[in-house]
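Encoded as structure tokens, the structure appears first; notes follow it.
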Amino acid sequence: MDASTPPLPSALSQMGRFRRRLEGRKAIVFLDYDGTLTPIMPRPELAQVSMEMTELVGELAKRCSAAIVSGRSVETVKEFLGLQKVIYAGSHGLVIDGPPGTGLRLDVGREFKEGLEALYRKLSTALSDIPGVLVQLTGYTVPVHYRRAHPSRIPEVDAIVEEVLQDHPEIRRNQGKMVYEIRPDVDWDKGKALLWIRERLGLSAENSVAFYLGDDTTDEDAFAILDDGDVGILVASQSRETAARYTLKDPSEVGMFLEGLLDIIDGSAGEDQI
């Protein structure tokens, strides 16, 4: 956002409005992981969600439909949170796995698995001489983290990634926070995953309010498809161009918001929706 653009209102100041929106409707809550439930860390494995946040998400999932939508693999986020009633959408929504017995299961990227594994090996070798670069294979994505690399080496990282991808037209690269998100070039993203989950749960813009909280550029696909009555919340300490309508500064404010949302839901429904 430029200096002339008014800052987004804090979601914490809008709880009365959200309460009115939920009258006669069910809540469905989508949460990014890194940067939303936990601060961005120097290394991905350090981004462990706090016990307090885990408990909040768990309580939320008991009262309404709740999904974690992450670039990480479903298996990794499941391991970090350990919550049974949550819907997990990993690899930016390419894999969706619902709670036991719900039948919520989708695998969009299976045909790309072998190619992504080969790409991971190529990039790991090609970037091995640049300190601070971390290449991962997370489900159906290959994130290349360069947060810890010296700024002077980042153009080199970019050039190597671009060169390797020239031999893989079926793969695309997206820019995240100090990371290249490399994934299959298919018409599927976090927004499409949100719509699929909502429809499979029998929810719509008429009978539910979707809350989507995320901090990264990949979350813009979800913000952009939300209905007028839904709630997109950017988690960021500074303003930037976004399709979200509200903001929270950091994961601590996310926790405060989820507490407030639990109070609203307890006051209107309080029963399981999955």
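The values are calculated or read from the model by the stated rules, or taken from the named source; none is laboratory data. Since the structure is predicted, the reported quantities are computational estimates derived from the model, not experimental observations. Note: ideal-geometry Cβ built from the backbone for every residue, glycine included; neighbour counts use all protein chains shown.
Selection over the stretch 26-64 of residues that are within 25 Å of residue 217 (Cβ to Cβ) and in a strand (DSSP E or B) gives a count of 6. Consider residue 229 carefully, then state whether it is farther than 24 Å from residue 107 by Cα and over 15 Å from the mean Cα position of the chain (by Cα). It is true that residue 229 is farther than 24 Å from residue 107 by Cα and over 15 Å from the mean Cα position of the chain (by Cα).
If you check residue 160 against the conditions, is it touching a residue at least 60 places away in the same chain (Cβ under 8 Å) and either hydroxyl-bearing (Ser, Thr, Tyr) or over 24 Å from residue 258 (Cα atoms) (or both)? Let's see the steps before the verdict.
Working: touching a residue at least 60 places away in the same chain (Cβ under 8 Å): no; either hydroxyl-bearing (Ser, Thr, Tyr) or over 24 Å from residue 258 (Cα atoms) (or both): yes.
So residue 160 does not fit the description; no.
Quick check: is even one residue across the stretch 166-182 surrounded by 15 or more Cβ atoms within 10 Å (Cβ to Cβ), more than 23 Å from residue 30 (Cα to Cα), touching a residue at least 60 places away in the same chain (Cβ under 8 Å) and outside the structural domain of residue 53 (by TED's automatic domain parsing)? No, there is no match, as no residue in the stretch 166-182 is surrounded by 15 or more Cβ atoms within 10 Å (Cβ to Cβ), more than 23 Å from residue 30 (Cα to Cα), touching a residue at least 60 places away in the same chain (Cβ under 8 Å) and outside the structural domain of residue 53 (by TED's automatic domain parsing). The condition of being touching a Phe, Trp or Tyr at 6+ places or on another chain (Cβ under 9 Å) and under 21 Å from residue 38 (Cα atoms) holds for residue 89.
Restricting attention to the stretch 105-122, and to residues there that are hydrophobic (A, V, I, L, M, F, W, C) and at pLDDT below 95, which single residue is surrounded by the most Cβ atoms within 10 Å (Cβ to Cβ)? Among them, the one singled out is 116.
So in the stretch 1-25, with the set limited to residues that are of a type in the set (D, E, K, R) and either surrounded by 21 or more Cβ atoms within 10 Å (Cβ to Cβ) or part of a loop (DSSP other than H, G, I, E, B) (or both), which one is modelled with the lowest pLDDT?
Taking the stretch 1-25 as the starting set, the residues that turn out to be of a type in the set (D, E, K, R) are 2, 17, 19-21, 23, 25.
Keeping just the survivors that are either surrounded by 21 or more Cβ atoms within 10 Å (Cβ to Cβ) or part of a loop (DSSP other than H, G, I, E, B) (or both) gives 2, 23, 25.
Values: 2: 47, 23: 94, 25: 95.
Among residues in the stretch 1-25 that are of a type in the set (D, E, K, R) and either surrounded by 21 or more Cβ atoms within 10 Å (Cβ to Cβ) or part of a loop (DSSP other than H, G, I, E, B) (or both), the one modelled with the lowest pLDDT is 2.
Contact annotation: residue pairs with Cβ atoms under 8 Å, 6 or more positions apart or on different chains, pairing a residue in the stretch 37-64 that is over 19 Å from residue 237 (Cα atoms) with a partner that is in a loop (DSSP other than H, G, I, E, B) and of a type in the set (S, T, N, Q), are 44/136; 63/273; 64/273.
If you take the residues in the stretch 184-195 that are over 15 Å from the mean Cα position of the chain (by Cα) and touching a residue at least 40 places away in the same chain (Cβ under 8 Å), which one is farthest from residue 154 (Cα to Cα)? Don't jump to the end; show me each part of the working.
So the first thing to find is which residues in the stretch 184-195 are over 15 Å from the mean Cα position of the chain (by Cα), and the list is 184-187.
Still in the list and also touching a residue at least 40 places away in the same chain (Cβ under 8 Å): 184, 186.
Numbers: 184: 23, 186: 27 Å.
This residue is 186.
Checking each residue in the stretch 126-165 for being on the phi > 0 side of the Ramachandran plot and either assigned to a helix (DSSP H, G or I) or surrounded by 20 or more Cβ atoms within 10 Å (Cβ to Cβ) (or both) picks out only 139.
Within the stretch 66-83, being in contact with a helix residue (DSSP H, G or I) (Cβ under 8 Å, 6 or more places away or on another chain) and either under 20 Å from residue 219 (Cβ atoms) or not small (Gly, Ala, Ser) (or both) holds for 66, 67, 68, 69, 70, 71, 72, 73, 74, 81, 83.
Looking at the stretch 203-228, which of its residues are of a type outside the set (A, V, I, L, M), touching a strand residue (DSSP E or B) at 6+ places or on another chain (Cβ under 7 Å) and assigned to a loop (DSSP other than H, G, I, E, B)? Once the filter is applied, which keeps residues that are of a type outside the set (A, V, I, L, M), touching a strand residue (DSSP E or B) at 6+ places or on another chain (Cβ under 7 Å) and assigned to a loop (DSSP other than H, G, I, E, B), the stretch 203-228 yields 207, 215.
Summed over the stretch 175-188, residues that are more than 20 Å from residue 41 (Cβ to Cβ) and in a strand (DSSP E or B) total 3. Please determine whether any residue of the stretch 229-250 is out of contact with any strand residue (DSSP E or B) (no Cβ under 6 Å at 6 or more places or on another chain), without any contact (Cβ under 8 Å) to a residue 40 or more places away in the chain and part of a helix (DSSP H, G or I). No: zero hits.
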